[in-house]
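Report on the following structure.
The values are calculated or read from the model by the stated rules, or taken from the named source; none is laboratory data. What you see is a predicted model, and the numbers here were worked out from it, not measured in a lab. Note that each Cβ is placed from the backbone with ideal geometry, even for glycine, and that neighbours are counted across all protein chains shown. Heavy atoms of the whole protein, side chains included, go into the accessibility calculation; ligands, DNA and RNA do not. Shrake-Rupley method; radii C 1.70, N 1.55, O 1.52, S 1.80 Å.
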Amino acid sequence: MTRRSCAIYATGIVCAHLLIVGIALVVAQVFQTLIHNRLKKEMTLTEGSRVFDSWKDPPLPVYMQYFFFNVTNPEVFLEGGKAAVTQIGPYTYREYRPRENVTFLENGTKLSALNPKSFVFLPEMSVGDPEVDLVRTINIPVVAVMDQMKSYSLFLSTLVSIWMNSIGVDLFMTRTVHEVLWGFKDPLLSRIHRMKPDVDEYFGLMYKKNGSHEGEFVFLTGEQDYMDFGRIDTWNGLSKMTWWSSNQSNMINGTDGSTFHPLLSKNELLYIFAADLCRSIHLAFEEDVEVKGIPAYRFAPPKDVLASPDDNPANAGFCVPAGECLSTGVLKVSVCRQGAPIVVSFPHFYQADQKYINAIEGLTPNKEDHETYLDLNPTTGVPIRASKRAQLNVLLNRVSGFPKTKHLKETVFPIMFVNETVVIDDESAAQMRTLLLIVTLVSNFPLLIVGMGVLLLVVLVILICRSRQKKNEVKRIDFTEAFHSFGTAKEDTAYTQVSDKAEDHSENHAGQQMRNGSYIAMSPVEAQKC
């Protein structure tokens, strides 16, 4: 066997083995299963895991932006006209949210933690000074007192109305942005506090929230089931809430929005429990995106999250009392706001019933500025970019005994909205890209084997073709040489032309015979004597 034949046979054997092994590994998904199992083991809330330290003390910068709706025509509104507002902001704060009192429970399958949040003002990312800039908005303490008086007699409501006028409180107030956010001593609440000490005399939308937490959460670590990674087990000792009118609405579902299980699917719904909304919401896949070179799935709340019970019967449980429901796009949360007529929605009533948008002049809802979304890497489940947007509103109605409300129609009046954002930093993005590259290489290693097999197959075909070409060249050379040899033989046996000249018979007769014999290649015949 020639050296060329050995090379062909060896290449064929190696090629066959690579193709068989590679295809078998691809079909069985051995390497993909190995890397997925590794991810499931690493993505757990346990000491020493890849994500525990970043979960305990998030390294990514979180920014909280506040936008306010400044009322420009309060008199027109009180006379029954349409209110006009202008948006002012943002007033931006850096948000710090380290977890404290982290304690492992039940053999490490659960852990409890507090999540206090503190805010530091960032003037370079803001439109002005919150301690100087003024905003005119609804006087929420006044609206809350009037709403409470609905259950009392007309006589008592009238007396309270007269008393409120005497101390100079009105349906609208003008305060600095800082006061509206972080609190001020309210004249109405101060007088009520004297009669009912349990009523705080200070009011602010974020009053007592700087440095405070929303309660104790108990999380599942995901060690037993990766799908439970970061899922809330209890909140303030409750496995379900008691505010709403159905068991489904009272369920505490999902995570707190900071963690999600790895290996996400586009077909699943992601659940988040939002304590500030007093309920759980779900998000659905919207589109593929890329953030700093990292692929991600964008999840966003679909329209049915805040749809009316007519459009989504599952939301009937959020009507309290049962049957008293608002239209699509808004949620009344008085049950968890000490009875105050607070309504939440997306900014500018995005995805809400058109009547809420038409009732206020100056609202321009759009997806780019007002949609809540999460961009998650599907392999790790880690949030790459997120924007949580929510609007705070007050429900206004005509209240018997309060003359200033006699021209009011039911209105969901916007106060302000927040935009809480986070984007992965460059260093973390580089680490994430490296991790994803390793995962991709390991997962696709069988394809690399198949590719090498295909490459060797190409080499094998080339070797076989060249071998056949070489054999054909050898055959052509042999044939040419044979033909050339045959031609030479004919020339060697050709007869020499006989001379016309008479030969001299006196010459040696024997030599002539030899010459003749040598030319015709025959043995000379001896002459017979007569």
Would segment 216-228 turn up any residue that is polar (S, T, N, Q) and within 24 Å of Asp53 (Cβ to Cβ)?
yes
Kindly check whether there is at least one residue in segment 215-224 that is surrounded by fewer than 18 Cβ atoms within 10 Å (Cβ to Cβ) and over 16 Å from Met43 (Cα atoms).
yes
Please go through segment 288-325 and pick out each residue that is without any contact (Cβ under 8 Å) to a residue 24 or more places away in the chain and closer than 22 Å to Phe349 by Cβ.
Pro302, Asp304, Ala307, Pro309, Asp310, Asp311, Asn312, Glu324, Cys325
Could you list all residues from segment 73-96 that are exposed (fewer than 15 other Cβ atoms within 10 Å of the Cβ), in contact with a Lys or Arg (Cβ under 8 Å, 6 or more places away or on another chain) and either on the phi < 0 side of the Ramachandran plot or free of Cβ contacts under 8 Å to residues at least 40 places away in the same chain (or both)?
Val76
In segment 225-269, residues that are among the hydroxyl-bearing types (Ser, Thr, Tyr), surrounded by fewer than 17 Cβ atoms within 10 Å (Cβ to Cβ) and closer than 25 Å to Glu420 by Cβ total 1
How many residues does segment 278-287 contain that are buried (at least 19 other Cβ atoms within 10 Å of the Cβ) and touching a residue at least 40 places away in the same chain (Cβ under 8 Å)?
3
If only one of Gly80, Gly108, Gly48 is among the small types (Gly, Ala, Ser), out of contact with any helix residue (DSSP H, G or I) (no Cβ under 9 Å at 6 or more places or on another chain) and closer than 18 Å to Asp225 by Cβ, which one is it?
Gly108
Residue under question is Arg38, and the condition is that it be of a type in the set (Lys, Arg), part of a helix (DSSP H, G or I) and modelled with pLDDT under 75; does it hold?
no
Within segment 175-197, is even one residue touching a residue at least 40 places away in the same chain (Cβ under 8 Å), on the phi > 0 side of the Ramachandran plot and open to solvent by less than 40 Å² (accessible area, probe 1.4 Å)?
no
Can you tell me which of Val120, Val160 is over 23 Å from Ala83 (Cβ atoms), open to solvent by less than 40 Å² (accessible area, probe 1.4 Å) and among the β-branched types (Val, Ile, Thr)?
Val160
If we take segment 331-419, then strands (runs of 3 or more DSSP E) inside it with 2 or more residues that are open to solvent by less than 40 Å² (accessible area, probe 1.4 Å) and closer than 30 Å to Gly293 by Cα are 373-376, 383-396
